[in-house]
1. Past 18 Å, Cα to Cα, is the threshold; run K245/K270; K172/K245; K62/K270; K126/K172 against it and keep the listed order.
2. Report, in whole Å, the centroid distance computed from the Cα atoms of segment 270-327 and segment 188-264.
3. Average projected area of the Cα convex hull of the chain, in nm²?
4. Measure out, as a whole number of angstrom, how far apart the alpha-carbon centroids of segment 118-148 and segment 169-183 sit.
5. Run the reach check for K331 against aspartates and glutamates, Cα to Cα strictly under 20 Å, same-chain hits fewer than 8 apart removed. What comes back?
6. Pop the C-beta distance of K331 and D123 into the FRET formula with R0 = 25 Å and round what comes out to the nearest 0.05.
7. Which FRET efficiency value, to the nearest 0.05, is calculated for E190 and S283 with the Förster distance at 22 angstrom and r the Cβ-Cβ distance?
8. Let me check I've understood the local charge: for R135, count other residues with C-beta under 9 angstrom from its C-beta, Lys and Arg +1, Asp and Glu -1. What total comes out?
Amino acid sequence: MKILFLTASLKTPSTRFRVLQNLEIWRGLGLEVTALPLPKNNWARCKLLYSLPNYDIVVLQKRLLHRHSFTLLRHRTRLLLYDFDDAVMFSDSNKGGGFLSERRSQRFAAVTRSADMLLAGNDYLKAQALSFGARRVAVVPTGIDCDFFVPAAESAKKSSVTKANIGWIGSKANLIYLEALAEPLNLLYEKRRDFKLTIVCDDFTDVFSCPVEKISWSAGNEVRDIQSFTIGIMPLADDPWTRGKCAFKLLQYMACGLPAVASSTAVTRKIIAPGENGLLAASPEQMVEKIAWLLDNRQLLPEIGRQARAAIIGSYDSKTIASAYADIFNKLMN
């Protein structure tokens with residue numbers, strides 16, 4: 001079976017974690033899977049689109065194409081799937097403006113009504129797809145490679161008497177969610193000075209009064225940087241855009257055996273059993289309260305971290321998710 005993933009770029013997190021990390025697993029399952037970025041040049045794009053009948057299944061990943069390109073794509077494809085792990089039907093309001101986008105809505109509607117199946121990263125995205133007219137939608141979470149994202153060796157772990165390292169990893173666009181913690185976290189640091197904040201990102205902020213370590217993100221150092229955290233945090237707002245997020249940084253923390261505090265969302269409530277494998281928070285103030293509780297109970301952190309990793313293996317690890325994709329591909333072909 002020949003399968004082609006058409007992506008915006010081979011460097012985006014979605015492509016990296018929903019496609020590229022699964023390639024070897026899929027090949028081991030007998031699938032011939034290729035990932036290619038959709039060219040911006042019209043001639044190169046048309047040349048690629050005319051080659052699509054050579055593939056049994058084509059998976060368009062997250063791209064919302066202009067009507068002419070999408071019509072040609074649909075016409076040249078035997079089985080067309082659409083894979084998405086963000087609320088692509090909305091605009092990210094953090095970039096200015098509101099959530100509603102007529103262009104995005106129209107293009108997403110065209111995809112949902114024409115694709116043979118949609119592969120949504122979570123239940124919220126599935127509900128959106130169905131509301132736009134999709135006929136068949138399967139939920140396929142984003143997986144985490146638990147052979148790559150692993151806990152730090154015991155010898156490398158910090159002693160319980162050292163200053164705790166509260167860690168956040170993300171992109172520039174998501175710094176706004178971290179900045180929402182500034183006031184309560186600064187107040188906490190006035191009361192106790194036993195922690196620092198580490199930000200791993202492609203940009204930084206200066207709104208925190210506690211010590212801040214700024215680390216430029218790189219794929220080569222990503223695991224090591226996460227392993228240096230004592231506690232991982234994932235703050236989020238609650239809006240139409242963020243409800244589409246698949247909590248991937250939470251999975252990164254958990255795979256590395258870290259206790260984490262995450263904003264309470266439909267996705268995180270499915271992953272975290274509060275007090276067992278992590279903690280949930282309904283507001284920035286509550287998140288800082290949960291961080292303080294973990295700082296006061298540091299003897300519990302290793303066990304919470306062990307439970308965190310155990311909770312995602314068999315449900316969110318890349319081998320499980322790649323197999324779920326493969327099952328869908330095989331059922332469609334049969």
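Rule-based calculations on the coordinates, nothing more; no lab input. All values reported here derive from a predicted model rather than from experimental measurement. Here the Cβ is made from the backbone with ideal geometry for all residues, glycine too, and neighbour counts use every protein chain on show.
1. Too far apart for the 18 Å limit: K62/K270; K126/K172.
2. 13
3. That works out to 17.0 nm².
4. Their Cα centres are 25 Å away from one another.
5. Partners found: E32, D56, D83, D116.
6. Here the calculated transfer efficiency is 0.80.
7. Values: r = 19 Å, r/R0 = 0.88.
My answer for the efficiency is 0.70.
8. +1
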